[in-house]
Amino acid sequence: MAAAYEVRQDIAVITLDNPPVNGLGFDTRLDLVEGVQRAGEDDAIRAVVVTGAGKAFSGGTDTQEFNTPKALQEPIVLSTINRVEASSKPVIAAIHGVALGVGLELAMGCHYRVATPDARLALPEVRLGLMPGAGGTQRLPRAIGVPRALAMILSGDSFPAADFADTALIQALIEGDLVDGACDFARRVAIPAAAEGRMPRLRDLGVEADGVALAIEPARAGIAHTSPQLLAPAHCIDAIEAATTDPFEQGMRRERESFLTLLESPQAPALRHGLMGEREAGKVNG
């Protein structure tokens with residue numbers, strides 16, 4: 001099993017288990033989707049907690065599957081996140097260690113996110129000549145606002161979860177046992193909200209208009225000055241700007257088109273092996 005399924009009273013706990021950093025390979029994606037479906041069909045289950053085995057929530061892409069048929073085998077990452085987001089029971093991401101790249105994008109597809117204060121969050125794709133391709137440019141600005149999303153995505157840097165305790169990205173910081181704390185959060189917050197018909201999704205949030213123009217234009221000027229030869233930063237800014245002007249699904253299409261353009265660009269082959277950087281970042285920051 002690449003993701004274990006456990007029942008704790010009225011809560012299903014799905015633990016991603018793909019060493020060393022729980023990359024979202026095909027088997028892990030399939031087990032996760034099947035676990036969410038199983039929980040949805042069990043009347044005794046009222047919420048789902050998704051966490052990671054070992055020292056990480058998820059280090060992102062399973063680099064061993066890059067450029068292999070399994071990388072494109074359904075459920076692909078986008079489909080996996082959509083299935084999690086569409087769950088009939090609230091899904092809580094319980095984050096420790098690192099949530100990088102598509103690992104963080106998966107967490108943002110969950111209804112709630114709780115984390116240890118020192119967990120590290122990052123979308124490092126720009127460092128690889130790419131950009132977030134599974135909703136990162138659309139959900140992150142809705143969660144933390146455009147200025148902070150620009151800073152996070154354009155730098156590729158990791159930040160502690162505690163930095164986002166005042167945002168929709170992290171609903172609670174957990175001291176002590178993470179899964180116990182996540183289950184407690186589910187019973188205190190998520191399950192009562194679901195009973196009232198409230199299943200919060202980042203995709204449904206508006207983007208704060210304050211400061212958008214003041215953030216976008218300086219960001220464009222900054223990359224024109226510091227890295228005019230690189231394609232990815234401009235694509236990132238365009239996609240984040242789309243999150244402020246377009247409906248969510250339209251913004252997602254824009255993101256995906258740009259991601260695929262970068263993937264096939266002349267710059268990508270030179271940086272493609274850098275996808276190992278997601279795993280190495282997990283080791284450094286974990």
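In the chain, carbon and sulfur make up what percent of the accessible area (probe 1.4 Å)? Write out the running numbers ahead of the final one.
On the way: 6450 of 12000 Å².
With neighbouring chains kept in place, the figure for the chain is 54 percent.
Helix-only mean residue ellipticity at 222 nm, the chain, DSSP H runs n ≥ 4 weighted -39,500 (n - 2.57), per residue, nearest 500. What is it? Mean residue ellipticity, 222 nm, calculated: -13000 deg cm²/dmol.
Suppose R0 equals 41 Å. What FRET efficiency, 1/(1 + (r/R0)^6) with r the Cβ-Cβ distance, do ALA53 and LEU263 give to the nearest 0.05?
Working: r = 29 Å, r/R0 = 0.72.
Step by step, r from the Cβ atoms, then E = 0.90.
When all protein chains stay in place and ligands, DNA and RNA are ignored, the 1.4 Å accessible-area order of MET1, MET131, largest first, is MET1, MET131.
Taking the Cα centre as origin and putting +1 on Lys and Arg beta-carbons and -1 on Asp and Glu beta-carbons, what dipole magnitude results for the chain, to the nearest 20 debye?
Values: 26 positive and 37 negative charges, 37 e Å.
With Lys and Arg at +1 and Asp and Glu at -1, about 180 debye.
Which shape class applies to segment 31-121: rounded if a/c is under 1.5, otherwise prolate when a/b exceeds b/c and oblate if not, where a ≥ b ≥ c are the square roots of the Cα gyration tensor eigenvalues? It would help to have the intermediate numbers written out before the result.
Working: a/c = 2.11, a/b = 1.12, b/c = 1.88.
Verdict is oblate for segment 31-121.
Charge dipole of segment 157-203 (Cα centre as origin; +1 on each Lys and Arg Cβ, -1 on each Asp and Glu Cβ, all else neutral): 400 debye, rounded to the nearest 20.
In plain terms, the bigger the Kirkwood radius, the slower the diffusion; for segment 140-265, with that radius from Cα pairs, at 20 °C and 1.002 mPa s, Stokes-Einstein puts D at 129 µm²/s. Among the listed options (i) 147; (ii) 264; (iii) 116, the one matching volume of the Cα convex hull per residue in Å³ as calculated from these coordinates is (iii).
For MET199, no residue has an amide H sitting under 5 Å from its own, ignoring neighbours fewer than 5 places away on the same chain, with H placed 1.01 Å from N. Applying the Karplus relation 6.51 cos²θ - 1.76 cosθ + 1.60 with θ = phi - 60° to segment 122-131 yields 3J(HN,Hα) values of 7, 10, x, 4, 4, 5, 9, x, 10, 8 Hz, where x marks Gly and Pro. Within the assembled protein chains, the solvent-accessible surface assigned to HIS225 is about 150 Å², based on a 1.4 Å probe.
Can you say what percent of the DSSP beta bridges in the chain, counting only those with both residues inside, are antiparallel? Round to 5. Provide the component values of the computation, followed by the final result.
Working: 8 of 27 bridges.
About 30 percent, rounded to the nearest 5.
Evaluating 6.51 cos²θ - 1.76 cosθ + 1.60 at θ = phi - 60° for every residue in segment 79-95, the Karplus couplings come out as 5, 4, 5, 4, 5, 5, 5, 8, 4, 6, 10, x, 10, 10, 7, 10, 9 Hz, glycine and proline recorded as x.
Identify which of GLN229, GLN138, GLN171 has the largest mean-square fluctuation in a Gaussian network model of the chain, with springs joining Cα atoms closer than 10 Å. Looking only at GLN229, GLN138, GLN171, the largest GNM fluctuation is found for GLN229. Computed from phi, the 3J(HN,Hα) profile of segment 26-43 under the Karplus parametrisation 6.51, -1.76, 1.60 (θ = phi - 60°) reads 4, 4, 5, 4, 5, 4, 5, 4, 5, x, 5, 5, 4, 5, x, 8, 9, 5 Hz, with x in place of Gly and Pro.
Looking at the chain, the accessible area is 42 square angstrom per residue; that uses a 1.4 Å probe and ignores ligands, DNA and RNA. Near ALA193: Cβ cut-off under 14 Å, other residues only, Lys/Arg at +1 and Asp/Glu at -1. The net charge is +4. When THR226, THR61, THR116 are compared by accessible surface with a 1.4 Å probe, the order from highest to lowest is THR226, THR61, THR116. The tail of the calculated P(r) for segment 174-241, taken as Cα-Cα distances beyond 17 Å, holds 65 percent of the pairs. Computed over neighbours whose Cβ is under 12 Å from that of THR28, the net charge equals -4, Lys and Arg +1, Asp and Glu -1. Within the shell of other residues whose beta carbon sits under 13 angstrom from the beta carbon of GLU6, the net charge comes to -3, with Lys and Arg scored +1 and Asp and Glu -1.
Can you compute the FRET efficiency between GLN9 and ALA165 using 1/(1 + (r/R0)^6), with r the Cβ-Cβ distance and R0 = 35 Å? Round to the nearest 0.05.
Details: r = 27 Å, r/R0 = 0.78.
The computed FRET efficiency comes out at 0.80.
Suppose we flag GluC sites (Glu not before Pro) only when DSSP calls them loop and at most 10 other Cβ atoms lie within 10 Å. Which is the longest uninterrupted stretch of the chain? Longest run free of exposed loop sites: 1-174.
The values are calculated or read from the model by the stated rules, or taken from the named source; none is laboratory data. The structure presented is a predicted model; accordingly, all values stated were derived computationally and were not measured. Cβ atoms come from the backbone with ideal geometry, glycine included; neighbour counts cover every protein chain shown. Side chains included, ligands, DNA and RNA excluded: accessible areas come from the protein's heavy atoms. Shrake-Rupley method; radii C 1.70, N 1.55, O 1.52, S 1.80 Å.
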